[in-house]
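The values are calculated or read from the model by the stated rules, or taken from the named source; none is laboratory data. Remember, predicted model here, so these are calculated numbers, not experimental data. Please note: Cβ atoms are built from the backbone with ideal geometry, for glycine as well, and neighbour counts cover all protein chains shown.
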Amino acid sequence: MEPITIAMAKGRLADETLTLLENMGVDVSALKEKSRKLVFYSGDHSYRFIMVKPSDVPTYVDHGVADVGIVGKDTLMEENRPLYEMLDLGFGTCRICIAGYAEKEPLKNAHIRVATKYTGIASQVFSTRGSSIEIIKLNGSVELGPVIGLSDVILDIVESGATLHANGLSILEEICTCSARLVVNRVSLKTKESQIRPLIEGLKEQIEKRSNDHD
């Protein structure tokens with residue numbers, strides 16, 4: 001039987017996911033070793049893990065190279081691919097916000113320049129507003145946009161808000177709250193249902209157990 005392939009990005013989301021899998025009894029020791037490898041297997045080869053950039057997780061799952069993916073809701077919204085979103089994993093929580101200099105009331109401008117790496121989300125958010133919008137794509141520190149006059153506002157994910165505060169910026173509007181999600185390829189859910197369903201149920205049980213432990 002072929003293993004289930006799970007696409008994930010190194011970092012907090014992967015670490016949290018591996019903890020859940022380990023608590024399910026999955027041997028993920030190979031992923032905890034220091035290595036430059038990009039493909040790993042669980043101890044019994046039931047699962048194959050591929051390590052990719054966060055923004056690429058939906059692409060791998062959509063094309064069927066991976067059956068399952070662990071990715072932030074913000075990335076799913078930006079990529080907007082036809083995947084089954086099966087579980088809210090409850091970690092990696094952040095907010096998508098519009099931020100800028102509150103005293104300048106930039107959202108009242110007739111023409112608003114928005115700096116962001118989330119151009120798709122920005123287009124959706126601002127498309128229904130009366131103002132003329134210019135979206136400026138940045139891949140680095142988008143907070144620099146308003147600071148140096150490149151943009152009036154930014155649209156970005158916010159966790160603590162410390163970087164905004166350090167640069168004199170304020171949250172002007174909160175769009176939504178995001179967290180890590182488990183997504184599945186549509187074809188894989190049909191062809192490998194007997195393998196994928198137990199994974200979903202196992203993760204769901206671990207999430208519920210974790211939630212109960214915190215209550």
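A few remarks follow.
- Of the strands (runs of 3 or more DSSP E) lying entirely inside the stretch 112-215, those containing at least 3 residues that are over 24 Å from the mean Cα position of the chain (by Cα) are 132-137.
- In the stretch 88-111, residue nearest to ILE196 (Cα to Cα) [restricted to those that are of a type in the set (A, V, I, L, M, F, W, C) and over 13 Å from the mean Cα position of the chain (by Cα)]: CYS97
- Filter result (surrounded by fewer than 22 Cβ atoms within 10 Å (Cβ to Cβ), among the charged types (D, E, K, R) and either in contact with a strand residue (DSSP E or B) (Cβ under 8 Å, 6 or more places away or on another chain) or not in a helix (DSSP H, G or I) (or both)) within the stretch 74-93: ARG81, GLU85, ASP88
- Residue in the stretch 6-20 that is farthest from ARG197 (Cα to Cα), counting only those that are touching a residue at least 60 places away in the same chain (Cβ under 8 Å) and out of contact with any Lys or Arg (no Cβ under 9 Å at 6 or more places or on another chain): ARG12
- Pairs where the first residue, in the stretch 31-49, is in the same structural domain as ILE70 (by TED's automatic domain parsing) and surrounded by fewer than 17 Cβ atoms within 10 Å (Cβ to Cβ) and the second is basic (Lys, Arg) and not in a loop (DSSP other than H, G, I, E, B), C-beta under 6 Å, 6+ apart: TYR41/ARG48
- Checked against the criterion of being among the charged types (D, E, K, R) and touching a Gly at 6+ places or on another chain (Cβ under 8 Å), the stretch 119-141 contains not a single residue that satisfies it.
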